[in-house]
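Working notes, structure below.
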Amino acid sequence: MIKVQARQVQREYQIKNSLGKKEKLTALEDFNLDINEGEFLSLLGPSGCGKSTFLNILAGLDKYDGGEIMMDGEELRERSFDRGIVFQSYALLPWRTVLKNLELGLEIRRINRRERRKIARHYLELVGLAAFENQYPHQLSGGMRQRVAIARVLAYHPGLLLMDEPFAALDAQTRETLQIELLRIWEADKKTILFVTHSIDEAILLSDRVAFMTARPGHIREIIDIDLPRPRTEDIRNSVEFARIRKSVWELLQHEVLKNQSFGAYL
């Protein structure tokens, strides 16, 4: 079943060039993508190709200028609790405890105190932070804060989870640990996830499919099926099939980066 269907999506911006004159910048053009119910799909492509632009459109944080986006068979609404987003920054409220940060979305939805506490504690257990419910964000490591941010989004049960390079600001060891942690959470919850990343290895490790975008104006050049067994562990990075997929994706990326440079596009 298709969760999200994007057809011929267009997004343009008005920018000022070096001479101060306005000109049109096309971020997305003829963008077509299907996201299946319950799948983990990553968007990958050269820097500046429009990955985050599309994610922000789905999140209701940006608009699109042409084409059509359907979610669950209906036209995409501007804002809705059926979509949750996790950014690079944790965006936790420093004056609220971990537990109360998780309850925030549930409070907005007017869930009663007893029920929202039960839900929040369930998701804290899911991300392995049940023992830290009374701590404040500044008392946690970066990786723990990002786990709280993920749990907070999951707590209000969105139908679509949007993740914009959520591990990019973390050190390599923490990033790899959280990748495996995210896979564990996804296996337990089976949310539909759209994951934006610049990392080929991350996209391959996590995804059912990788949608590879061209240089700007961005559109989908190729969909790559990741036929690696699940559940996945860190060891899968050492497999022959992982290396084969990585090589083919790297060649696509190199081609788009060189094309981008040859046309003098912004990176």
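Rule-based calculations on the coordinates, nothing more; no lab input. In this text, all values refer to a predicted model and were calculated from it rather than measured experimentally. Quick reminder, even Gly has a Cβ in these numbers, built from the backbone with ideal geometry, and neighbours come from all protein chains shown.
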- Task: Compare the Cα positions of Ile180, Ser141, Thr192 along the charge dipole of region 131-261 (+1 at Cβ of Lys, Arg; -1 at Cβ of Asp, Glu; about the Cα centre) and return the one farthest towards the positive end.
- Result: Thr192
- Item | Lysine pairs in the chain with Cα atoms under 27 Å, if 8 or more residues apart or on separate chains | 29
- Please identify every one of the trypsin sites (Lys or Arg not before Pro) in region 3-42 that sits in a loop by DSSP and has no more than 11 other beta carbons within 10 Å of its own beta carbon. Lys21
- Message: Please list the three semi-axes, largest first and in whole Å, of the ellipsoid equivalent to the chain, using sqrt of 5 times the eigenvalues of its alpha carbon gyration tensor.
- Response: 31, 23, 18
- Just name one of Ile204, Ile150, Thr233: the one whose Cα is farthest towards the positive end of the charge dipole of region 135-235 (beta-carbon charges, Lys/Arg +1, Asp/Glu -1). Ile150
- Item | At most 16 other Cβ within 10 Å, DSSP loop - chymotrypsin sites (Phe, Trp or Tyr not before Pro), region 1-90 | Phe81
- Item | Gap separating the Cα centres of region 20-81 and region 137-194, nearest whole Å | 21
- Equivalent-ellipsoid semi-axes (√(5λ), Cα gyration tensor) for region 1-73, whole Å, largest first? 27, 13, 9
- Query: Just how many % of Cα pairs in region 96-247 lie over 23 Å apart, if you round to the nearest whole percent?
  - Reply: 43
- Note on the structure: Computed for region 1-60: size of charge dipole around the Cα centre, +1 on C-beta of each Lys and Arg, -1 on C-beta of each Asp and Glu, debye to nearest 20, value 400
- Determine Rg/Rh for region 1-41; Rg is computed over alpha-carbon atoms and Rh is the Kirkwood hydrodynamic estimate from the same atoms. 1.27
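Can you give the charge dipole size of the chain about its Cα centre, rounded to the nearest 20 debye, using +1 on the beta carbon of Lys and Arg and -1 on the beta carbon of Asp and Glu?
Using only the charged Cβ atoms, the result is roughly 1020 debye.
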- Query: How big is region 35-89 by Rg and Dmax over its Cα atoms, in Å?
  - Reply: 11.9, 32
- Note on the structure: Highest GNM mean-square fluctuation among Ala211, Ala172, Ala91, for the chain with Cα springs under 10 Å, belongs to Ala172
- Task: Jot down the radius of gyration and Dmax of region 30-121, Cα atoms only, both in angstrom.
- Result: 16.4, 47
- Over the alpha-carbon set of region 210-262, work out the extent along each principal axis and list the three values in angstrom, largest first. 38, 17, 13
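Where in region 168-262 are there chymotrypsin sites (Phe, Trp or Tyr not before Pro) that are in a DSSP coil and have at most 10 other Cβ atoms within 10 angstrom of their Cβ?
Loop-located and lightly packed - none at all.
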- Item | Cβ-based net charge around Leu161, under 10 Å, with every Lys or Arg adding one and every Asp or Glu removing one | +1
